[in-house]
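Read through the structure below, which is laid out as structure tokens, and then see the notes.
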Amino acid sequence: MSTAAAPYESAYWVPTSDGHELHVRRAGEGRAGDGTPGVLFLPGLFADGTFFLGTAGRSPADVFLAEGYAVHAASLRGHGPSRRADGGRAGDWNFDTYVRHDIPDLVRAVSERHPGPLFLLAHSMAGYAALAALGVAPELQRRLAGVVTLSSAVNDYSDGGLPKRAQILFAATLSRLVGRFPARALKQGRFDEPAGLMRQFADWAPRGGFHSADGATDYWAALAEVTLPALVGVGAADTFHASPARARKLAQHLGSDVRCTVFGRESGLSWDPGHVDVVRGRRAAEEVLPRLVEWMRRTLPADGPAGAGDTDTTAEAVNPDTTPGAGDRDTTAGGGRTAPGTGTTNGGGTGADADTE
């Protein structure tokens, strides 16, 4: 296992349709026409693109680079080097900004730069934001070979008890008072979050909502428009910011050939991962991420790179009364059927950053 950081070859800026510039770091880029698959990484709350890159040990991006994938690690607005085009402060924004601007503009720009098939892999909040963006603008799906979300589940009060209610209300109230959620001062992450985003989360939670701030767009309904291959993964020990039940709810709203996998000991892992260590750390690199690579390989069209057209025998649903084997916690979202595992698991260390959403 390599202990060196991945060799990030270049960086570029993606202009948004509302005057921001989003920073993307790229490595392993293929040449035009060579069919090299790529992955666009999107981090969740309090994090930038370095969430997937790391500086010590084997980063998530390293796993994909070692398998011949090109990687594009993006930072959403207000995070990392991303900036306003006019040099001003990022100001306030909300979830709808990611859905209408940042994520669509990143998908368009990266797919135009990358010559081969492109996957999107998003963590936590960025996962359900990406799915909402693909549902609101279905034409974006033609630019992607598939989408993977990890630790992504819309927050509500169906689990987590009083501590979750208190945290969501505290975040919204504090953000209103100081104009942002001060994640850095509270040592919850590297980047603060906008008050508008916190207000939207607090508005959804009591009734299990998932809609635009003005109420005009029902994101739950929009998810039915997502028809490209999707893998929704969650750690078995992720029971606060996400949970297996809410991840399944997210998957069940998709209109695609979706797999929902709970990563943990019951699916053959050496531990039950939580919100962050399902993607970052040694065990994630050894146990979880290789299964995502394999899912992507099997998802590629038959005329893709060598081996991409192999028949995925693990994707065949079995009788719902059949007891899954030791490695099986994969649920096809459409009918609640259990199917043999795709090789998705959970991975290791906790990670140094408190990138919890």
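The values are calculated or read from the model by the stated rules, or taken from the named source; none is laboratory data. Because the structure is predicted, anything quoted here is derived from the model rather than measured. Here Cβ is always computed from backbone atoms with ideal geometry, including for glycine, and neighbour counts include all displayed protein chains. SASA here: full protein model, heavy atoms, side chains in, ligands and nucleic acids out. Shrake-Rupley method; radii C 1.70, N 1.55, O 1.52, S 1.80 Å.
Given the conditions (1) free of Cβ contacts under 8 Å to residues at least 60 places away in the same chain; (2) within 21 Å of Arg297 (Cα to Cα); (3) in a helix (DSSP H, G or I), and given that Ala133 satisfies all but one, which numbered condition is not satisfied? Every condition holds for Ala133 apart from (2). Among the residues of region 32-86 satisfying the criterion of being touching a His at 6+ places or on another chain (Cβ under 8 Å), assigned to a strand (DSSP E or B) and over 17 Å from Ser152 (Cβ atoms), which is most open to solvent (accessible area, probe 1.4 Å)? Checking each candidate, the answer is Arg83. For region 257-276, a residue qualifies if it is in a loop (DSSP other than H, G, I, E, B) and either open to solvent by less than 20 Å² (accessible area, probe 1.4 Å) or under 17 Å from Gly160 (Cα atoms) (or both), and the qualifying residues are Gly264, Leu269, Trp271, Pro273, Gly274, His275, Val276.
Identify all residues within region 138-159 that are open to solvent by less than 30 Å² (accessible area, probe 1.4 Å), assigned to a loop (DSSP other than H, G, I, E, B) and either in contact with a His (Cβ under 9 Å, 6 or more places away or on another chain) or not small (Gly, Ala, Ser) (or both); write none if there are none. Before you say what the answer is, go through the steps one by one.
Pass one, region 138-159, residues open to solvent by less than 30 Å² (accessible area, probe 1.4 Å): 140-141, 144-156.
From what's left, assigned to a loop (DSSP other than H, G, I, E, B): 144-145, 151-156.
Passing the criteria: Leu144, Ser151, Ser152, Ala153, Val154, Asn155, Asp156.
Working carefully through the options Ala166, Ala213, find the one that is free of Cβ contacts under 8 Å to residues at least 12 places away in the same chain and open to solvent by 50 Å² or more (accessible area, probe 1.4 Å). If you could, list the steps in order and put the result at the bottom.
Numbers: Ala213 fails: free of Cβ contacts under 8 Å to residues at least 12 places away in the same chain.
Being free of Cβ contacts under 8 Å to residues at least 12 places away in the same chain and open to solvent by 50 Å² or more (accessible area, probe 1.4 Å) holds for just one of Ala166, Ala213, which is Ala166.
When you scan region 91-104, do you find a residue that is closer than 20 Å to Ala70 by Cα and open to solvent by less than 40 Å² (accessible area, probe 1.4 Å), even just one? Within region 91-104, one or more residues are closer than 20 Å to Ala70 by Cα and open to solvent by less than 40 Å² (accessible area, probe 1.4 Å).
Residue check: Gln188 meets all listed conditions (1) in a loop (DSSP other than H, G, I, E, B); (2) over 21 Å from the mean Cα position of the chain (by Cα); (3) not aliphatic (A, V, I, L, M) but one, namely (2).
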